[in-house]
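> Have a look at the structure that comes next, please.
No lab work stands behind these numbers, since they all come straight from the coordinates. Everything quoted here is computed from the prediction, not taken from an experiment. Glycine also receives a Cβ, built like all others from the backbone with ideal geometry; neighbour counts cover every protein chain displayed.
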Amino acid sequence: MASVPSLASSVEQRVSDALVSALPEAGAADPLLRRSDRADFQANGILALAKKAKANPRELAATVLEGLDKGGVIKDVEVSGPGFLNITVSDEAIIRTLAARAADDRLGVPLNASAGTTVIDYAQPNVAKEMHVGHLRSAVIGAAMVEILEFTGEKVIRRHHIGDWGTQFGMLIQYLLEHPHELDHKGGDEEASGEEAMSNLNRLYKASRALFDSDEEFKTRARARVVDLQAGDPQTLELWQRFVDESKIYFYSVFNKLDMDIQDPDVVGESGYNDMLVETCKLLEESGVAVRSNGALCVFFDEYKGPDGNPTPLIVQKSDGGFGYAATDLSAIRNRVTDLAATSLIYVVDARQSLHFKMVFETARRAGWLNDGVQAVQLAFGTVLGKDGKPFKTREGETVRLVDLLDEAVDRATAVVREKAEKVGLTEAEIVENGQYVGIGAVKYADLSTSAARDYKFDLDQMVSLNGDTSVYLQYAYARIRSIMRNAGDRKPVAHPELELAPAERALGLHLDGFGALIEEAAADYAPHKLAAYLYQLSTLFSTFYEHCPVIKPEPELVVAENRLFLCDLTARTLTKGMALLGIRTPEKL
Ligand code: ARG
């Protein structure tokens, strides 16, 4: 494991050193180095620093240039415009740096020196309810963040805060008690069991709801059952557990379809904090953070007002004594900070819950449960829209079942894979497997390639398209490189720093060298879409390289072929690593 400083950071360091010698009062000023079209990099920071020091920017830039240590890295540097520095690195430095990356399992990506412990709350469906596209977003974005953070050395604790508590369970449990055979299971493979579990739950839900709405006596019994549940009555808890277990069979079948690994100990739902609720309320009330208002325990905020101008409080305990979503989330914060020693809390939750989280975080700060050493962030995501730009619904206006969407994505992807299968030489089993990787990858990538906060249109035609910014495009790029490598015969990937590089080789090389910095940025900003954009650009740069720089035919000189194969290999490794972080597989043949 050896982290490799990128060329950008070496150049930046050198410019910064020269800047300090030229203008000592600037201190450790940032030279604002950017990738540039005119040279490899442009330093834009000198202009502002010169203005501040009342110096002539072009003269300052010239002095910096004069004092710049170029050794081994910088080939050319010139002053341009009002006081920029244009910097070109040497071909040799590019290949040497990439060779150091290639020699490392982590592709030279550094570990974060100030890594901490992140508790991430994601993939949190609700018991006895169908999963929908919102749950898909939370799961996909959350899983990518877990991988990206772990890759930087962060300790990550996963929490699947499933909705497994609340008044609706009174009705469900009472019904099951009166109809005990309703949850009997026939068994079968995972997928069949998942479907069966959900259809059982659906049927139970509808039947108990109907009874609850039509039969006053049942309603009374159901309400009494909620009290039993909260009081911890053993028989009631046992039936409740059956609902949770049945739902988990279904959840796991969907997560499995999504090629996602969810571990049972990480599933700590709302019920997991039940024992803390009374104390949480007591602490809030005693400290004065929460006050009684019409019998309910509330926290007030100056900045949050309803349309009528009256303050909208966070209700921690209802006037009937019941605890809600907020009490659970506040208790979960206490648990995550105190017992799990989190330094960061991330919640991958729908943007429509933003007010809830603002209030919960602020309350926890006032109560001292969150302090300056802990950051709490809602990684809020936008709504999934249908092709018509309206929230995604079936033609009948119902929420679309996640399973149906995934199945359709896999079907379409399999058709796409099948078209080329003969040419590539795929067996039927490989077609089926690739169809899954491409279909599920398409759904994940569509979600991850726009910034989470934005809404996006769920358009399967576009998602499995071979052109444009799609996972299939990236998967094909990967498979193409692997096929080139297979066809290279006894020519092997070897780095040759002595060679002069073509522009397309330099562009590809410099982008590959930026992988570590990109990972650092995506982790710090909680922005998996930046990784998706990086990988897409990597694939397009590879295409241009492959078009202009023959690797196998017409056959180049041996050293040139080896060096190009080396670029191919590092591109493939970077692609497959990046895609794995996004939760997307890259088949060897496609
Ligand atoms: N179960 C909730 C829903 O489906 C999401 C839970 C989010 N996490 C949390 N700690 N509140 O909307």
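> Dipole of the chain, Cα-centred, from +1 at each Lys and Arg C-beta and -1 at each Asp and Glu C-beta, to the nearest 20 debye?
Dipole of the chain, to the nearest 20 debye: 1120 debye.
> Then there's this: If the reach is capped at under 20 angstrom between alpha carbons, list the aspartates and glutamates near K155, excluding any in the same chain fewer than eight residues apart.
The qualifying aspartates and glutamates are D105, D121, E147, D261, D264, D266, D339, D372, E520, E521, D525.
> Do you know the relative contact order of the chain, to the nearest whole percent, from alpha carbon pairs under 8 angstrom that are 6+ apart?
After rounding, I find 15 percent.
> Calculate one ³J(HN,Hα) per residue across the range 551-559 by plugging θ = phi - 60° into the Karplus curve 6.51 cos²θ - 1.76 cosθ + 1.60, and present them in order as whole Hz with x for glycine and proline.
Along the range 551-559, the couplings run 9, 10, 10, x, 4, x, 3, 3, 4 Hz.
> Give the residue list of trypsin sites (Lys or Arg not before Pro) in the range 375-443 that are DSSP loop and have at most 11 other beta-carbon atoms within 10 angstrom.
Those that pass, being in a loop and sparsely packed, are R395.
> Relative to the longest principal axis of the C-alpha atoms of the chain, give the angle of the C-alpha long axis of helix 528-548, reported between 0 and 90° and rounded to the nearest 10°.
With rounding to tens, the tilt is 40 degrees.
> Here is a follow-up. Using 0.36 nm times the number of residues separating D261 and V20, minus their current alpha carbon distance, what extension gain do you get?
Full extension of this stretch gives 81.8 nm more.
> What residue among A533, V559, A502 has its Cα farthest toward the positive end of the dipole of the range 402-581, where the charges are +1 on Lys, Arg and -1 on Asp, Glu, each on the Cβ?
V559
> Between N371 and R418, how many nm apart are label points set 7 Å from Cα along the C-beta direction?
With each label placed 7 Å out from Cα toward Cβ, I get 6.2 nm.
> Counting only C-alpha contacts under 8 Å and six or more residues apart, can you give the relative contact order of the range 7-89 as a whole percent?
Across the range 7-89, relative contact order equals 31 percent.
> Then there is this: Under 5 Å between amide hydrogens, which residues at least 5 positions from V267 or on another chain qualify, with H placed 1.01 Å from N in the peptide plane?
Excluding prolines and chain starts, which carry no amide H, the hits are H160.
> Follow-up question, since we're still on this one. Using the Cβ atoms and a cut-off under 12 Å, what net charge is assigned to the surroundings of I481, where Lys and Arg are +1 and Asp and Glu are -1?
+4
> Can I ask one more? With just the Cα atoms defining each centre, how far is the range 245-288 from the range 523-558? Give it in Å.
41 Å
> Output the antiparallel fraction of DSSP beta bridges having both residues in the chain, as a percent to the nearest 5.
55 percent
> In nm, to one decimal, how far is the modelled label at A341 from the one at E588, with both set 7 Å along Cα→Cβ?
Those two pseudo-labels are separated by 4.2 nm.
> As a footprinting exposure proxy, order S354, S208 by other Cβ within 10 Å, with the fewest listed first.
The most exposed by this proxy come first: S354, S208.
> Shifting gears a bit: Hey, what angle do you get for helix 190-214 against the long axis of the chain, alpha-carbon based, 0 to 90 degrees rounded to 10?
40 degrees
> Also, I was wondering about something else. Please compute the net charge surrounding Y273, taking Lys and Arg as +1 and Asp and Glu as -1 over other residues with Cβ under 9 Å from its Cβ.
Every neighbour counted, the sum reads -2.
> Show me the GluC sites (Glu not before Pro) within the range 503-564 that DSSP assigns to loop and that have at most 12 other Cβ atoms within 10 Å of their Cβ.
Sites meeting the loop and neighbour criteria: E557.
> Follow-up. If each residue's Cβ is checked for other Cβ atoms within 10 Å, how do I141, I262 rank with the fewest at the top?
Listing I141, I262 from fewest to most nearby Cβ atoms yields I262, I141.
> Taking 0.36 nm per residue of separation and subtracting the Cα-Cα distance, what length does fully extending E216 through Q13 add?
Value of the extension gain: 65.5 nm.
> Follow-up. Given a Förster radius of 56 Å and the C-beta distance between L177 and E150 as r, what FRET efficiency does 1/(1 + (r/R0)^6) yield to the nearest 0.05?
Computed FRET efficiency for L177 and E150 comes out at 0.80.
> Take D447, D30, D490 and order them by how many other Cβ atoms sit within 10 Å, fewest up front.
So the ranking, lowest neighbour count to highest, is D490, D30, D447.
> Pop a pseudo-label 7 angstrom from the Cα along the beta-carbon direction at both N202 and T540 and give the gap in nm to one decimal.
The modelled label-to-label distance comes out at 4.2 nm.
> Expressed as a rounded percentage, what relative contact order does the range 402-581 have, with Cα pairs under 8 Å and six or more residues apart?
Computed over the range 402-581, the figure is 24 percent.
> Further question on the same structure: Quick one: angle between helix 325-334 and the longest Cα principal axis of the chain, in degrees between 0 and 90, rounded to 10, please.
Orientation of helix 325-334: about 60 degrees from the principal axis.
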